[in-house]
Amino acid sequence: MDEKRVAREVAMFMILSARTAPKARGIDHLKTAILTGQEKDRLAGEMEKLSSEYGFFERDAKNVRSAEVVLLIGLSAAPIGLNCGACGRTCTELQGESSKEGKGYRGPLCVMDIMNFGIALGSAVKTASMFNVDNRMMFSAGVAARKSGIMDADVVIGIPLSIKGKNIFFDRK
């Protein structure tokens with residue numbers, strides 16, 4: 001079996017699941033990318049560079065290097081237009097506010113958009129599970145993808161995929 005080819009195909013089904021996941025008002029602000037080979041290794045290198053700031057990034061970078069592919073799912077957030085007030089503002093106020101760079105993400109963010117993002121992530125990893133492909137949602141891979149410019153989005157989560165005899169994402173030190 002060609003594990004890299006299979007993992008890439010599963011990643012494409014994961015994108016399908018994320019894209020078609022229910023979203024408030026049907027508004028989709030997702031970005032996706034599949035990293036393999038040198039792109040994946042570049043991401044792992046960026047994670048290692050950030051390990052002085054975030055200690056666990058080096059551990060996660062080893063997982064990224066060992067994985068067949070990494071799926072990035074990002075959110076370029078914008079107000080949904082419900083004026084729910086959960087962010088502490090109206091949608092118009094939030095839209096007019098300038099973005100602020102945080103330690104890992106850029107905000108402020110629309111709570112409804114963030115909930116959409118979470119549902120999309122859950123749908124994606126559910127799909128990997130249906131194919132019995134080991135995976136792990138990684139804040140670390142997402143932050144490294146943002147900070148290095150691999151993906152331009154307000155929030156990014158990296159999901160490495162592994163097809164091996166043992167799940168590489170558990171029993172980590």
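Annotations
- Criterion (at pLDDT below 95 and closer than 19 Å to Ile159 by Cβ) met by exactly one of Phe13, Phe56: Phe56
Residues are listed down the side, and each one gets a yes or a no for (1) assigned to a loop (DSSP other than H, G, I, E, B); (2) among the hydroxyl-bearing types (Ser, Thr, Tyr); (3) under 16 Å from Gly74 (Cα atoms):
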position: Arg8; (1), (2), (3): no, no, no
position: Ala11; (1), (2), (3): no, no, yes
position: Met14; (1), (2), (3): no, no, yes
position: Ala18; (1), (2), (3): no, no, yes
position: Ala33; (1), (2), (3): no, no, yes
position: Asp41; (1), (2), (3): no, no, no
position: Gly45; (1), (2), (3): no, no, no
position: Glu48; (1), (2), (3): no, no, no
position: Gly55; (1), (2), (3): yes, no, no
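- Matching residues, the range 145-163, being touching a residue at least 60 places away in the same chain (Cβ under 8 Å), assigned to a loop (DSSP other than H, G, I, E, B) and over 15 Å from Gly102 (Cα atoms): Ile150, Met151, Ile163
- Boolean, Glu39 is in contact (Cβ under 8 Å) with a residue 24 or more places away in the chain, surrounded by fewer than 19 Cβ atoms within 10 Å (Cβ to Cβ) and either out of contact with any strand residue (DSSP E or B) (no Cβ under 6 Å at 6 or more places or on another chain) or farther than 27 Å from Val111 by Cα (or both): yes
- Each residue in the range 95-143 was checked for being among the charged types (D, E, K, R) and part of a strand (DSSP E or B), and 4 of them qualify.
- Count of residues meeting criterion [over 20 Å from Asp152 (Cα atoms) and surrounded by fewer than 17 Cβ atoms within 10 Å (Cβ to Cβ)] in the range 66-95: 12
- Counting the residues of the range 100-134 that are surrounded by 17 or more Cβ atoms within 10 Å (Cβ to Cβ), under 16 Å from the mean Cα position of the chain (by Cα) and free of Cβ contacts under 8 Å to residues at least 40 places away in the same chain gives 1.
The values are calculated or read from the model by the stated rules, or taken from the named source; none is laboratory data. Every value quoted in this text rests on a predicted model; they were computed, and no experiment measured them. Cβ: placed from backbone, ideal geometry, glycine included. Neighbour counts: every protein chain shown.
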